[in-house]
Amino acid sequence: MDLLLPERHEAIIRVFRGHLAGLCANSVAHDLNNLLGAISSYSELILSEDHLPDETRRMLNQIAGAAQRCGCLVQALADIARREQPGNSIISLGPFVENTLALCQHDFRRARIELTYEDTAAGCSVAVNAQQFQLALLCLLANAREAGTGMKNATVRVRTETRASTCSVSVRNPDIEIPNDIRERMFEPFFTMKGAHHLGLGLSVARDMARKHNGDLIFDENTGFVLELQR
């Protein structure tokens with residue numbers, strides 16, 4: 001692989017920029033959490049008053065709820081940017097996937113893509129490095145969003161499933177068919193059909209993560225990209 005090719009050089013620069021952004025994220029998250037804490041605390045203080053009009057109480061509850069949700073998103077972004085912690089932890093698959101989807105909702109809405117989620121793996125837990133697993137999910141979601149951008153009535157379907165010894169997350173663009181010649185190469189690092197401004201690393205990163213956890217990432221015509229992990 002010739003890293004001196006212009007497109008490779010641009011890809012490396014974008015990776016470095018992402019690294020620098022990650023270094024700043026924890027500091028920014030700390031400051032944002034302080035501001036959100038003040039909003040939430042003052043909202044709750046006012047809500048403790050006995051004689052508030054109903055409409056005022058409703059709006060304050062909305063403010064407090066929005067601050068809490070925003071705090072969760074900020075914390076999730078900080079967790080992604082934080083230096084990776086060694087070792088695995090037990091996570092509940094369904095809620096973990098749902099929290100990760102919350103990070104992407106705005107991007108899908110902006111791209112006018114409907115994002116649906118079906119959790120059929122209730123009670124399924126897996127032992128993974130949470131940061132690596134979330135990064136793999138974000139890579140799959142970004143790949144699906146980029147593929148559907150510009151399409152009319154585009155949809156991305158996410159589904160969790162469980163079997164006797166495995167749990168899986170599938171991400172599917174139901175209206176997109178991938179040609180056979182692309183399927184043969186799409187897991188190669190730096191391979192992309194989306195132009196020079198795309199890295200072409202997402203699927204490769206996601207598959208490497210799955211294999212490090214004794215799982216795999218495959219493509220199936222009926223279910224899309226399937227990230228499978230041992231229970």
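Taking segment 146-175 as the range and being closer than 21 Å to Leu201 by Cα, at pLDDT below 90 and not in a loop (DSSP other than H, G, I, E, B) as the test, the residues that pass are Glu146, Ala147, Gly148. Scanning segment 146-180 for residues that are of a type in the set (S, T, N, Q) and on the phi < 0 side of the Ramachandran plot gives Thr149, Thr155, Thr160, Thr162, Ser165, Thr166, Ser168, Ser170, Asn173, Asn180. Of Ala130, Ala136, Ala206, all but one fail to be surrounded by 14 or more Cβ atoms within 10 Å (Cβ to Cβ) and either over 14 Å from Leu93 (Cβ atoms) or among the basic types (Lys, Arg) (or both); the exception is Ala206. Number of residues in segment 57-73 that are surrounded by 13 or more Cβ atoms within 10 Å (Cβ to Cβ) and among the polar types (S, T, N, Q) equals 2. With the structure loaded, tell me whether Ala121 is under 30 Å from Gly87 (Cα atoms), surrounded by 18 or more Cβ atoms within 10 Å (Cβ to Cβ) and in contact with a Gly (Cβ under 8 Å, 6 or more places away or on another chain) or whether it fails that test. In short, yes. Are any of the residues in segment 97-107 touching an Asp or Glu at 6+ places or on another chain (Cβ under 6 Å) and surrounded by 15 or more Cβ atoms within 10 Å (Cβ to Cβ)? No: zero hits.
The values are calculated or read from the model by the stated rules, or taken from the named source; none is laboratory data. Quick caveat, the model's predicted, so the values are computed rather than measured. Here Cβ is always computed from backbone atoms with ideal geometry, including for glycine, and neighbour counts include all displayed protein chains.
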